[in-house]
Amino acid sequence: MTSGGFAMQLDQVGGPLRLVERPVPTPGAGEVLLRVLACGVCRTDLHVIDGEVAASLPIVPGHEIVGEVVSLGEGVTDARIGDRLGVPWLGRTCGTCPYCRSDHENLCDRPVFTGAGRDGGYATHVTADARYCLPIPAMFGDVEAAPLLCAGLIGHRSLVMAGEGRRIGLYGFGASAHIVAQIARWQGRDVLAFTRPGDTAGQDFARSLGCAWAGGSDKHPPEPLDAAIIFAAVGALVPAALRAVRKGGRVVCAGIHMSDIPSFPYADLWGERSIQSVANLTRADGHAFMEIAARAGVRTTTTAFPLAQANEAIARLRGGQLEGAVVLVPSAID
């Protein structure tokens, strides 16, 4: 290890992050050491901080990492010094459980998640398993690329699970939805955006990205949806979305955590409607999405904060006060 690194560390559930100076880690076998160029602040980080998603404390959060390779661990052959790589939520899998052996590594029985099971990117430096890193297309800047590493990845997996229907509803128009909306529009679909009731700014933002309709989540869409994707961690939106989709329609729950789903009449589900959850991602998802994001010309809307202002960034995200995604820039410590 060498000296000179900083990180924002979570010491206890519900507590603030603390700026700590620490040695720059040395990558282990199969790992790369990255100088963090940007790291997105994801809603999953809030669930880690609040104890709703299990983490090994103390932990450095952050799993939307864009970094430059500065050192290679033993045995790394598919990365070079100077490469720009992305580090997503899925940091490592066991490779031996039934899910890993059947191309469902996102459901691995013994996974390690970046920013929960191993230190993440709210830092100047981070190590990562080279096998789980993703190349970043050159067209994306560092800050612009960061939200692609989770908001984009999970959003795209959710869109695939929603099927090929033309009319897609997005509940919760934040980091994921503003990326998914662009891809769905590029595919020729109609996108309807559901925001918090009364959030006219969010609705204007959705329309600016090509959404055909935008309104509060308490509103019914003008026409039945082929599918709905729920990004907000609000269980009550599930029965609302079921009532908004046509017969045979799908409701996809994209979050890693959601409040309890209230009871609802069977009639809302009947008609071969279905509810589907999305869990994590696979490396194949990551490579496919990066290619599609580049082809679709996705442009992320971001607000950047210096590393030491991570607590403020988190508070702003929690309060829904920002459009698009929030990103930390570790080169600006203060």
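The values are calculated or read from the model by the stated rules, or taken from the named source; none is laboratory data. It should be emphasised that the depicted structure is a prediction, and the values quoted were computed from it without experimental measurement. Neighbour counts are summed over all protein chains in view; Cβ atoms, including those assigned to glycine, are modelled from backbone coordinates with ideal geometry. These accessible areas exclude ligands, DNA and RNA; they are computed on the full protein's heavy atoms, side chains included. Shrake-Rupley method; radii C 1.70, N 1.55, O 1.52, S 1.80 Å.
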Given H placed 1.01 Å from N in the peptide plane, which residues other than close sequence neighbours of G91 have an amide H under 5 Å from its amide H? V112, F113, T114
Per segment 104-152, sqrt(5λ) over the Cα gyration tensor eigenvalues, sorted largest first, in Å, gives 21, 15, 10
Take the solvent-accessible surface of the protein heavy atoms, probe 1.4 Å, and return the percent of it on segment 1-155 that carbon and sulfur atoms account for. 51
Show me 190-196, 293-299 ranked by packing, highest mean number of other Cβ atoms within 10 Å first. 190-196, 293-299
Would you mind estimating how fast segment 67-119 diffuses translationally, via Stokes-Einstein at 10 °C and 1.306 mPa s with the Kirkwood radius over Cα pairs, in µm²/s? 126
Cα extents of the chain per principal axis, largest first, Å, are 61, 43, 37
Specify, per residue and in Å³, the volume enclosed by the convex hull of the alpha carbon atoms belonging to segment 1-151. 111
Could you tell me the distance between the Cα centroids of segment 87-113 and segment 266-305, to the nearest Å? 19
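Which whole-number percentage describes the relative contact order of the chain, with Cα contacts under 8 Å and a sequence gap of 6 or more?
Value for the chain: 18 percent.
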Segment R18-W270, length gained on full extension (0.36 nm per residue, minus Cα span): 85.8 nm
Compactness of segment 223-334 - radius of gyration and Dmax, Cα, Å: 18.0, 55
Quickly work out the R246-to-R295 label distance, labels modelled 7 Å from Cα along the C-beta direction, and quote it in nm with one decimal. 2.6
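Accessible area, 1.4 Å probe, largest first: how do K219, K247 sort?
Final ranking, largest accessible area leading: K247, K219.
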